[in-house]
Number of protein chains: 2
Amino acid sequence: MLHSFLYREIAKNIERKIETGVFKAGEKLPSIRTICREQGVSMSTALEAYYSLEGKGLVASYPKSGYYVCQKRRDIAKPNVSTPGHLQNADATHNLVSKVFSEFDFEKTILFSVGVPSQEYLPLARLNKELHKAILTLPGNGTQYESVQGNPKLRRQLALQSMHWNGNLTEEDLVITSGCMDAIGLCLMAVLKPGDSIAIESPVYFGLLQLAKGLGLNVIELSTDAQTGIDVDALKRLAKSGKIKACCLISNFNNPLGSSIPSESKKEIVEWMAKYNVVIIEDDLYGDLYFESRRPLCCKTFDVSGNVLWCGSVSKTLAPGYRVGWVAPGKYKEQILQQKLINSVSAVTLQQEAVATFFESGRYENHLRKLRNTLCTNSLKMIDSIVRHFPEDTRLSTPKGGFMIWVELNKNCNTSKLFDILMEQHISIAPGRMFTLQNQYQNCMRLSFGLVWNKKIEDAIAVIGKELKRGQ
Amino acid sequence: MLHSFLYREIAKNIERKIETGVFKAGEKLPSIRTICREQGVSMSTALEAYYSLEGKGLVASYPKSGYYVCQKRRDIAKPNVSTPGHLQNADATHNLVSKVFSEFDFEKTILFSVGVPSQEYLPLARLNKELHKAILTLPGNGTQYESVQGNPKLRRQLALQSMHWNGNLTEEDLVITSGCMDAIGLCLMAVLKPGDSIAIESPVYFGLLQLAKGLGLNVIELSTDAQTGIDVDALKRLAKSGKIKACCLISNFNNPLGSSIPSESKKEIVEWMAKYNVVIIEDDLYGDLYFESRRPLCCKTFDVSGNVLWCGSVSKTLAPGYRVGWVAPGKYKEQILQQKLINSVSAVTLQQEAVATFFESGRYENHLRKLRNTLCTNSLKMIDSIVRHFPEDTRLSTPKGGFMIWVELNKNCNTSKLFDILMEQHISIAPGRMFTLQNQYQNCMRLSFGLVWNKKIEDAIAVIGKELKRGQ
C-alpha cells in the first residue's frame, strides 16, 4: 500500500535525522502542513508518520504547537521510588538550605537551584500597564489595606479559571495571600496545633519541611514515585491509623520530583481522607504549567466535603515579585481569614488589582500557552544535555510540566559536596539532601529549566557532568 | 513689674476664652508673633504667658507648630493600672476579634476600631511618582523576587533614620518584611519553640496575642500603666525566675493603651534581659508619631548584646496597603533570614523600592511633621469630645503619640454588647475584651483618632456617650 510505504519512508527519514543530530532534542520538527507540501503527501500520511515516531518515543506533540524531538524515553532510567527512613536530622536540612540560598547572585551565577521563570518569559509590558491602571483606579492609589479576604475581581477571575480543572469555585470560596508559601503557612496554622502529625511526599520542597518543623508539627515522609507521586496505600494506611491530622500534597508537577498524582488516585485520596477526617492541603503551584494536551485535575476537583485546602500563586507564571497567591480553604474559610488577619492583616493591594485586570484582559491563557511551550522545549533540551554529559548510570525524572528535573546519581555521589565545587565555577544546584529531614538523597539533585536556554546553560550542564565523572 | 503684669493679663485673657469655649480643645492658639503684634508686647512676655498656661495644663506646645488648647489634664482620670489574672479564655478573644473585623465596610461605617491613618493624611501624589519610577527602574519591572534580606536602598535609609532614636544601625543590620506583624511573627518563630513562655503588656494588641497562641506559646500578661507601660519590676522578677524566653513590648505609644516606657526603664529592661538571656521583641510601629518635642528612644537604643529584635513598618505613617515593614534582629539575623525564606521567600519588590526612593527624596520628615500635628490635634479633639459626652466616671488615656485612646468605663459597662448596639448605627469600636486572653477589660474600649475629624465623627462620639449613659 502506497500510503503505508510513504509514511514509513517519511518517518525513517526523520528518525535518521534525529539519530545523526540534524534534529536535536527539544527542537521543533516540520509542521504537518510543511511535510504535506514538501513531500507531496496527504495530511493523514504525514500524521501517520509522526504517530509512529511518537509511538517509538522519539517525538512528542504539544497542542497548538506541533511536534518536538525528545530524548528517547526508553534510554532514560527514572529515579528509584523513594524509601524514606525515620531518623530525622532537621538541622542538617536547615543548614544546607541556608548555604544554598545565601549565595543569591543573579548576575554572576547560573541558578539551576532556583525554580522561577526567567523574566524574559514574562509579559512585562502588559503587567506594567495594569500596574499603572491600578495606581490610578484604586482608592488611595493602593496605599490602603485590601480587605482580609482580598480583591473581589481577582477572586472572581480565579473562580472562572477553576473551570480548567473542573473546579466549581466561586469568588466567595477564595482568600488572597502573599504567595503560595504564605497560603500553606496559613493552612498549617489554621488547621493544626503544635504536636500534630502530617504526611508529605518525599523528597519534597524544603520550605514546606521547614515551615512544618517551625510550627512544631511532626512530619512523616512517605515513599514517592517520580511519575505517580505519593504512595497512596501508605497514605491511606496512615490516615486510617489516626496518626495524622493532615497531608500536604504538591499534586501536579511536584517540586522537586516532577511527579503528578493520577486523577483516579486523587479521587481515591480525597474520599479516603474525608472518611478519616484528615485534612488535605494541596499545593497546586505548577498545575497551569502542563506540557501535555490539558490541565491536570486537582484533589480539589473531587472535594465534596470541603476538606481540601487548595493553594496557588502567580509566582511561577506571571511575577514572583508581586507576592500574589491564594487559597480555596473549603470549610476552613473562617479559620483562614482569622489567621490571615493575625499574621499579616492583608496582602499587598496594588498587585492584587494588577493581576486581576491582567486576568480580565484575557491575555493570561495566551501567555501561558507560550510559557508552557518554552518550558517544555527547555525540559527536553535539559534532558538531552544531561543524557549526553552525565555518567551513564544517571537516573532522572522526565516531568510533564513545571520547572524541575530530579536527578539521581550513583550512590557514592555527594551532591552537597558537588555544590561547593560548582559554586566556585558560578553554577548553583539544589542538592537532594535539602528535600528531606532525613539523611538521604545525598546522591540526588534538583535542576530548574526555567532559565533562558543558551550555550552558557548547555556548557554549565557539561561542567556538572565533568565534575560528576571526575568524582567517580 | 510691667512684664509680669502683662504676661498674666494675656494668660488670663486666653484662659477665659478657653473656659468660655471661644478657643476649643484641639484648636491652634494665636502664634507668639501674632500676640506680640496685636498686644504690643515683647516676645518674652508672650512666651511667658504661654508657659504659665502650659504649667496649668491648659495649652500644649508642639515644635514648629505652635500652641494648642488641651483638655485640662487634671480633669481627666487616667485608666487604672491593669491587674491581669491567670485564667485564659483565648476562644472568647478569638471570636470577638473575628466579629469586630468581619464588618469591614469602609464606606458606611465610622471605624473607630481601626488604627490606620486616613488616606487624606498620606502623600499620595509623591508615592505614586515613586511607584512609577520603581516600575521603570527595577529589573523585570518589579516582577522578580527581591533578595531575602530586602532592598539595600531601603535598608540604608532605615539605618540613617535610626539616628533619630540614637540607634546606630547599618544597612546590614536590617531585614525587610511584609509589614510589622510579619516581622514580629518571624521573630517569634525564629527565636522561640512551641511551649516557650513570653511576657507581654496587658492590655495588648490582639494580633500579638493570637499570633503567640497560634504558635503554641504560653503568654503571660503583665500589669501595665497607661502612661509608663509594663510593670518593670514584675517583668524583671519573671526574667530572673527563668520562666520566660522572651518579652514582646510595644515600647512607644502602645496599642491599645497609648503608654510609653520611659527611657531609663527601657535601659533597665534591656540590661536585665541581657543578663538573664531573655530576648526582647520590640514593636516600635508608632515611635515616629510622637506629639512632643522629640522622638522617644527605643529598647534597641540601649542594646549592646544584640538581644533586642526591633520591628517597624510604614503601615501607620505612609501606606498600610504597601506591606513594607522591617526588623533589626541583632544577633538573630541568620535565623530571621532563614525563617523569612521559609515563610514567604521575599517581600513585595516594587513597594520596597518606592518607599526607599521616597525616603531618599527627603520628604518623609516633612510628611511626618504634618501627620504628627494632625494626629495630635485629633487626639485633643477626641479627648475633649469624650469628656463632654461620656459618663462622668469615665477614665481615659491621654497618649503622647500614636493613634489610640484607651477608655475605661464604669465596671458595669460591657463594651462587647455596646459594640452590637453601635454597629446598628454604623459606628465600630474595639471592645476591651479583644486585648487580653482573660475575662477582663469588658468595661474598656479602644478608639482610634486616625480618621479625618469632622462633625460626623464628633456626632458619633456623642452617640457612644448617649448609649453609655442610657446603659447606666
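Every number in this text was worked out from the coordinates using simple rules, so none of it is lab data. Fair warning: this is a prediction, and the values are worked out from it, not measured in the lab. Every residue, glycine among them, receives a Cβ derived from its backbone with ideal geometry; neighbour counts consider all protein chains shown.
Determine, from the Cβ-Cβ distance of B:Glu365 and A:Ser305 and an R0 of 51 Å, the FRET efficiency 1/(1 + (r/R0)^6), rounded to the nearest 0.05.
According to the calculation, E is roughly 0.35.
How far is A:Leu87 from the same spot in each other copy, in nm, shortest first, if each label point sits 7 Å from Cα toward Cβ?
Here A:Leu87 shows inter-copy label distances of 5.0 nm.
Report the closest approach of any chain B C-beta to the axis of the B-to-A rotation: residue and distance, in whole angstrom.
B:Pro194, 2
Binning at 10 angstrom from zero up to the longest distance, how are the C-alpha pair distances of the protein assembly as shown distributed in percent?
Histogramming the protein assembly as shown at 10 Å steps yields 2, 11, 19, 22, 18, 12, 7, 4, 3, 1, 0, 0, 0 percent.
Between copies, how far apart are the A:Asp393 label points? List them in nm, one decimal, shortest first, with each point 7 Å from Cα toward Cβ, please?
8.6
Label A:Thr170 and A:His426 with points 7 Å out from Cα along Cα→Cβ: what is the distance between them in nm?
About 5.5 nm, to one decimal.
Got a sec? Charge dipole of the protein assembly as shown, +1 on Cβ for Lys and Arg, -1 for Asp and Glu; which of B:Gln88, B:Val327, A:Gly471 is way out at the positive end?
Of the listed residues, the answer is B:Val327.
What would the Debye equation give as log₁₀ I(q)/I(0) for segment B:323-472 at q = 0.13 Å⁻¹, counting only Cα atoms as equal point scatterers?
So the normalised log intensities are -0.78.
Would you mind telling me the antiparallel percentage of the DSSP bridges in the protein assembly as shown, rounded to 5?
So the antiparallel bridges in the protein assembly as shown amount to around 55 percent.
Relative contact order of chain B, please, whole-number percent, based on alpha carbon pairs below 8 angstrom and at least 6 residues apart.
After rounding, I find 22 percent.
7 Å from Cα along Cα→Cβ at both A:Asn454 and B:Glu120: what's the point-to-point distance in nm?
5.4 nm
Inside 10 Å of the C-beta atoms of A:345-358, what's the mean count of C-beta atoms belonging to other chains?
Going residue by residue through A:345-358 and averaging, the value is 4.
Order these by the 10 Å Cβ neighbour count, fewest first: B:Val355, B:Val278.
Sorted ascending by nearby Cβ count, the order is B:Val278, B:Val355.
Other chains near B:310-323: what is the mean number of their Cβ atoms within 10 Å of each residue's Cβ?
Average neighbour count from other chains, rounded to a whole number: 4.
With the alpha-carbon atoms as the only input, what is the per residue convex hull volume for segment B:267-344 in Å³?
Hull volume normalised by residue count: 90 Å³.
Say the dipole of chain A comes from +1 at the beta carbon of Lys and Arg and -1 at that of Asp and Glu; which of A:Gly40, A:Leu169, A:Gly402 then lies farthest toward its positive end?
Looking along the dipole axis, the top candidate is A:Gly40.
Starting at 0 and stepping by 10 Å, how many percent of the alpha carbon pairs of segment A:19-164 end up in each bin?
Bin by bin from 0 Å, the calculated values are 8, 16, 19, 26, 21, 10, 1.
What distance in nm lies between label points placed 7 Å from Cα along the C-beta direction at A:Glu54 and B:Lys466?
Placing both labels 7 Å beyond Cα along the Cβ direction yields 7.6 nm.
For peptide A:125-137, how many partner chain Cβ atoms fall within 10 Å of a residue's Cβ, on average?
Shielding by partners across A:125-137 averages 3.
Taking the Cα centre of the protein assembly as shown as the origin, how large is its charge dipole in debye, to the nearest 20, when only Lys and Arg (+1) and Asp and Glu (-1) carry charge on their Cβ atoms?
660 debye
For segment B:322-413, run through the GluC sites (Glu not before Pro) and keep only the ones in DSSP coil with at most 16 other Cβ atoms within 10 Å of their Cβ.
Those satisfying the criteria are B:Glu392.
Quick one: order A:His86, A:His164 by neighbouring beta-carbon count within 10 Å, fewest to most.
A:His86, A:His164
Calculate for the protein assembly as shown the 222 nm mean residue ellipticity that helices alone would give, adding -39,500 (n - 2.57) per DSSP H run of length 4 or more and normalising by residue count, nearest 500 deg cm²/dmol.
-13000 deg cm²/dmol
Cross-link candidates for B:Lys17: which lysines have Cα within less than 19 Å, leaving aside residues fewer than 8 places away along the same chain?
B:Lys28, B:Lys56, B:Lys72, B:Lys381
Can you quote the Å³ per residue value for the convex hull of the Cα atoms in chain B, rounded to an integer?
It is 153 Å³ per residue.
Beyond 19 Å, what percent of the Cα pairs of segment B:362-442 remain?
50 percent
Using the beta-carbon distance between B:Lys153 and A:Lys417 and R0 = 25 Å, what value does 1/(1 + (r/R0)^6) give for FRET efficiency, to the nearest 0.05?
0.10
Which whole-number percentage describes the relative contact order of segment A:123-364, with Cα contacts under 8 Å and a sequence gap of 6 or more?
Computed over segment A:123-364, the figure is 30 percent.
State the Kirkwood hydrodynamic radius of segment A:2-70 in Å, one decimal place, computed from all pairs of distinct Cα atoms.
Kirkwood radius, segment A:2-70: 11.8 Å.
Over segment B:122-257, consider all pairs of different Cα atoms and compute the Kirkwood hydrodynamic radius from their mean reciprocal separation; express it in Å, one decimal.
17.7 Å
Restrict the search to segment B:368-472; then list the trypsin sites (Lys or Arg not before Pro) that DSSP places in a loop and that have at most 13 other Cβ atoms within 10 Å of their Cβ.
The qualifying sites are B:Lys411.
Looking at segment B:124-363, send over the antiparallel percent of its DSSP beta bridges, to the nearest 5.
Around 35 percent antiparallel, to the nearest 5.
Rounded to two decimals, what is Rg over Rh for segment B:124-363 when you use alpha-carbon atoms and the Kirkwood radius?
My calculation of the ratio gives 0.97.
Calculate the dipole size of chain A relative to its Cα centre from +1 charges on Lys and Arg beta carbons and -1 charges on Asp and Glu beta carbons; express the result in debye to the nearest 20.
660 debye
Which of the helices in chain B, when you take each full DSSP H run, stretch at least 15 Å along the axis at their Cα atoms and have an average Kyte-Doolittle score of -1.0 or higher?
B:2-19, B:43-55, B:90-102, B:124-137, B:180-191, B:263-275, B:333-344, B:349-360, B:364-389, B:455-471
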